[in-house]
Amino acid sequence: IPAGLRGRVVAMTARGGIIIECRAAVVQGVLGTGKQVVGTLTIWHPSLAGDVEKSGKLAIPPGALLVVPGPVNFAMLRQASSSGVVGLIAGSVALRDLEGFLQTDVLHLVNSPDSEIAHGNLPGMTLLFTEGSGNIAMPVSTLNLLSHYQGSIALLSGVTSARQQVLPELVISLPPQEAEQHWQPQQPETTLQVGSRVRVWGGDYTGVTGQIDYLFTHQQLFSSGIRAPAARVLRDDGTVLVLPLTVLERIG
């Protein structure tokens, strides 16, 4: 059974599994489905679209973890599944398309009391969406990270559970030469402060990324009539937004 991780076995579990200690890059999604799978990271390029039109299938080697920078639809999910892709990592998906592909209610799925059983009955292709449902492209920083590791063997889990606070993850073992270069373990920093790279996860600017350049001392009044703690965010295109802290999440 391929582990999908390069490292050292440090323990055995009561259920006959193993725990592997490794140095890895991790991408966490907002929404996903499906059990753990192992595959080769493969970036989707628009040039492959012609091959789809001719053959009806993606020109992707079976067993791939396919990375699609933009949103996907029902047809793309079906094509990837029929082409032998074991996992798909994309920016987002329309909820209707996702439920049509899975043939199940996604809200019920993520709130299931037994996520392992619920996800075990889904179609074989595991899914991870970095931005969740909607029509949002994958952040450039995330795509650059995945492109850097194209061709690497990775471990993908799509299990998403609101009850257990579990999110889908892609784990990429670092190459030996990279892991040995003054590597230090890092814990994700979630505190919002001046200089933090952030992404907007709700409201009219969902998916926008930028950097906090000012934290307001007093609550700000928004068009909804609500006052809330806020930050000024310098967007990647140079424009500025004032947004509630509750719609910001730290990235990077």
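The values are calculated or read from the model by the stated rules, or taken from the named source; none is laboratory data. As the structure is a prediction and not an experimental result, all values here were calculated from the model. Neighbour counts are summed over all protein chains in view; Cβ atoms, including those assigned to glycine, are modelled from backbone coordinates with ideal geometry. Just the protein is used for accessible areas: all its heavy atoms, side chains included, with ligands, DNA and RNA removed. Shrake-Rupley method; radii C 1.70, N 1.55, O 1.52, S 1.80 Å.
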Inset, instruction - Would you mind telling me which numbered condition in (1) in a loop (DSSP other than H, G, I, E, B); (2) open to solvent by 30 Å² or more (accessible area, probe 1.4 Å); (3) not hydroxyl-bearing (Ser, Thr, Tyr) VAL85 fails? - result: (2)
Inset, instruction - Please list, ordered by first then second residue, the pairs with beta carbon atoms under 7 Å, 6 or more apart or interchain, first in the stretch 144-168 and more than 11 Å from VAL37 (Cα to Cα) and open to solvent by 70 Å² or more (accessible area, probe 1.4 Å), second outside any loop (DSSP other than H, G, I, E, B) and among the hydrophobic types (A, V, I, L, M, F, W, C). - result: GLN150/LEU41; GLN150/ILE43
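Kindly indicate whether ASP97 is among the charged types (D, E, K, R) and either in contact with a helix residue (DSSP H, G or I) (Cβ under 6 Å, 6 or more places away or on another chain) or within 14 Å of GLY32 (Cβ to Cβ) (or both).
yes
Does ARG199 qualify as being surrounded by 12 or more Cβ atoms within 10 Å (Cβ to Cβ), under 30 Å from PRO123 (Cβ atoms) and modelled with pLDDT under 85?
Values: surrounded by 12 or more Cβ atoms within 10 Å (Cβ to Cβ): yes; under 30 Å from PRO123 (Cβ atoms): yes; modelled with pLDDT under 85: yes.
Here the answer is yes, as ARG199 does meet what is asked.
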Legend entry - For GLY207: the one exception among (1) outside any loop (DSSP other than H, G, I, E, B); (2) modelled with pLDDT under 90; (3) open to solvent by less than 30 Å² (accessible area, probe 1.4 Å): (1)
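Matching residues to (1) over 15 Å from GLY158 (Cβ atoms); (2) in contact (Cβ under 8 Å) with a residue 24 or more places away in the chain; (3) in a helix (DSSP H, G or I):
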residue: SER81; (1), (2), (3): no, yes, yes
residue: ILE89; (1), (2), (3): no, yes, no
residue: ARG96; (1), (2), (3): yes, no, yes
residue: PHE101; (1), (2), (3): no, yes, yes
residue: LEU109; (1), (2), (3): no, yes, yes
residue: PRO113; (1), (2), (3): yes, yes, no
residue: GLU116; (1), (2), (3): no, yes, yes
Legend entry - Residue selected from the stretch 208-252 under the condition of a type in the set (Lys, Arg) and without any contact (Cβ under 8 Å) to a residue 60 or more places away in the chain, by the criterion farthest from VAL198 (Cα to Cα): ARG227
Inset, instruction - State the number of residues belonging to the stretch 7-29 that are in contact with a Leu (Cβ under 9 Å, 6 or more places away or on another chain), farther than 11 Å from LEU156 by Cα, part of a loop (DSSP other than H, G, I, E, B) and open to solvent by less than 70 Å² (accessible area, probe 1.4 Å). - result: 1
